[in-house]
């Protein structure tokens, strides 16, 4: 029998009684492990060897995991800080508890997102309450980190390891260990003598020029051999969804708006006829910035908006008869919705064409001090849009949504009457999640009230909406948790494989 040199080397190194791993044979023969693997598969195909495979999983702590193993998980530290401040008796300011826990940067978001998930307590309206029945000492994730830090095998469920992996606290390395064993035919071949043949792995210019290629023996290629997985760069699923949304809206005749992320409360709320004593405008729900107030607001527009708040607008307007402060209106905060862009454009200050009919949209980030859960984040992307035209109706509004969502394969949108201070009539939009069957809110809409459009100088109907890009992505990709899409808990495997529906 004649065999290529590498196959003969592997055959001679194999045993008929004890399995030997590819790594062991590679060390003995001086061949590369991948060369040994290829030769072993070739010999298996000839019936001279058996090849067995065993899957092994190796766990190790990441740098962040080692930090938390030493200092404690952020959510555990938050819980203990709450106990220290007696948050089990009365709610305590979230800022105080975060300071007591000595948390900053990304650790704050991580603590808040996992605090409620683990049943450590509740966070509501910027205040924290701890549950005395919770036992952070029995936290399975903390126990797993401690075991790995001590070079021990964690005795926890696979779900715990999966969660730590998704949080980026452990690294899970999966490997395949291959072992070989001589068959009876392999033993007979060695007993009868095997001659080594010289093989050529590739055709070279020299072989072609000399004509020697006619006489040499070429190595066979194993197309089933394992190879490293190559992962190229990929546009994030949210960016692809946003790009698709822009394509759809431009195709429907809309133009895109742009504007500042940090804006005055005047543009964010006052122009929207949101009373200044509305709960959503307190320091608990907005991200106020410690910067100089905004001066670049037309004085006449301020007077008209103030009049709408104090006295109302139009024949039936009555206003709020509540305090209104120009100083507060000029304060700067991170926008809680991109309707601030709509107000800038409708007022004419952004230089937009305002001769009806007009259609404008934006897909931009907004910031809200919400409680983190599977459908809420502190920052997210909003699909803002408005249509200005004469004699608009609810049918126009609903038809626009049905056409928009139809472009994403969503045809079961449901509408629910709703109240907004700035639109009448108003509707919330709901869609059914393709995986869980749960009905989730995906947007808010309505026709702007005269108290909004009148002070801006608009004398025709304007229908508008704010839709959540992340929730649209949840419907089109099947993601069950908004935190799988972006943030510190994002599921990397999901992001690699998710596709955007067209």
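The values are calculated or read from the model by the stated rules, or taken from the named source; none is laboratory data. As the structure is a prediction and not an experimental result, all values here were calculated from the model. Cβ sites come from the backbone with ideal geometry, for glycine too, and all protein chains shown count toward neighbours.
Remark: residue 466 matches the filter, which requires a residue to be part of a strand (DSSP E or B), at pLDDT 90 or above and under 21 Å from the mean Cα position of the chain (by Cα). Across region 171-182, the qualifying residues are those that are surrounded by 16 or more Cβ atoms within 10 Å (Cβ to Cβ) and touching a helix residue (DSSP H, G or I) at 6+ places or on another chain (Cβ under 9 Å), and the one among them that is farthest from residue 145 (Cα to Cα) is 182. The residues listed here are 499, 451; of these, the one that is under 19 Å from residue 244 (Cα atoms) and more than 11 Å from the chain's Cα centre (by Cα) is 499. For the residues 377, 354, the requirement of being within 32 Å of the chain's Cα centre (by Cα) and surrounded by 15 or more Cβ atoms within 10 Å (Cβ to Cβ) singles out 377.
Contact map, region 403-414: residues that are assigned by TED's automatic domain parsing to the domain that holds residue 472 paired with residues that are in a loop (DSSP other than H, G, I, E, B) and surrounded by 12 or more Cβ atoms within 10 Å (Cβ to Cβ), Cβ distance under 6 Å, separation 6+ or inter-chain. Pairs shown: 405/413; 408/501; 409/501. The single residue among 437, 446 that is without any contact (Cβ under 8 Å) to a residue 24 or more places away in the chain and either more than 14 Å from the chain's Cα centre (by Cα) or outside any helix (DSSP H, G or I) (or both) turns out to be 437. Looking at 133, 158, 137, 124, just one residue is in contact (Cβ under 8 Å) with a residue 24 or more places away in the chain and surrounded by fewer than 18 Cβ atoms within 10 Å (Cβ to Cβ), and that residue is 124.
Yes/no matrix, rows are residues, columns are (1) over 29 Å from the mean Cα position of the chain (by Cα); (2) closer than 30 Å to residue 498 by Cα:
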| residue | (1), (2) |
| --- | --- |
| 238 | no, yes |
| 254 | no, yes |
| 281 | no, no |
| 286 | no, no |
| 302 | yes, no |
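Just one residue in the set 70, 84 is free of Cβ contacts under 8 Å to residues at least 60 places away in the same chain and more than 23 Å from residue 369 (Cα to Cα); that residue is 84. Restricting attention to region 13-45, the residues being without any contact (Cβ under 8 Å) to a residue 60 or more places away in the chain, surrounded by 13 or more Cβ atoms within 10 Å (Cβ to Cβ) and not in a helix (DSSP H, G or I) number 1. Filtering region 85-98 to residues that are over 18 Å from residue 118 (Cβ atoms) and touching a helix residue (DSSP H, G or I) at 6+ places or on another chain (Cβ under 8 Å) leaves 85, 92. Here residue 291 meets each of (1) surrounded by 16 or more Cβ atoms within 10 Å (Cβ to Cβ); (2) in contact with a strand residue (DSSP E or B) (Cβ under 7 Å, 6 or more places away or on another chain); (3) farther than 27 Å from residue 383 by Cβ with one exception, condition (1). Restricting 152, 202, 206 to those that are out of contact with any strand residue (DSSP E or B) (no Cβ under 9 Å at 6 or more places or on another chain), without any contact (Cβ under 8 Å) to a residue 12 or more places away in the chain and assigned to a loop (DSSP other than H, G, I, E, B) reduces the list to 152. From the list 186, 192, 168, the lone residue that is on the phi > 0 side of the Ramachandran plot and either surrounded by fewer than 15 Cβ atoms within 10 Å (Cβ to Cβ) or touching a residue at least 12 places away in the same chain (Cβ under 8 Å) (or both) is 168. Residue count for region 426-444 under the criterion of being closer than 29 Å to residue 352 by Cα and in contact with a helix residue (DSSP H, G or I) (Cβ under 6 Å, 6 or more places away or on another chain): the result is 1. Tell me whether region 215-230 contains one or more residues that are in contact with a helix residue (DSSP H, G or I) (Cβ under 8 Å, 6 or more places away or on another chain), part of a strand (DSSP E or B) and within 17 Å of residue 6 (Cα to Cα). Checked region 215-230: no residue is in contact with a helix residue (DSSP H, G or I) (Cβ under 8 Å, 6 or more places away or on another chain), part of a strand (DSSP E or B) and within 17 Å of residue 6 (Cα to Cα). Does residue 247 fit the bill of being in a helix (DSSP H, G or I), under 32 Å from the mean Cα position of the chain (by Cα) and loosely packed, with under 13 Cβ neighbours inside 10 Å? When the stated conditions are applied, residue 247 passes them.
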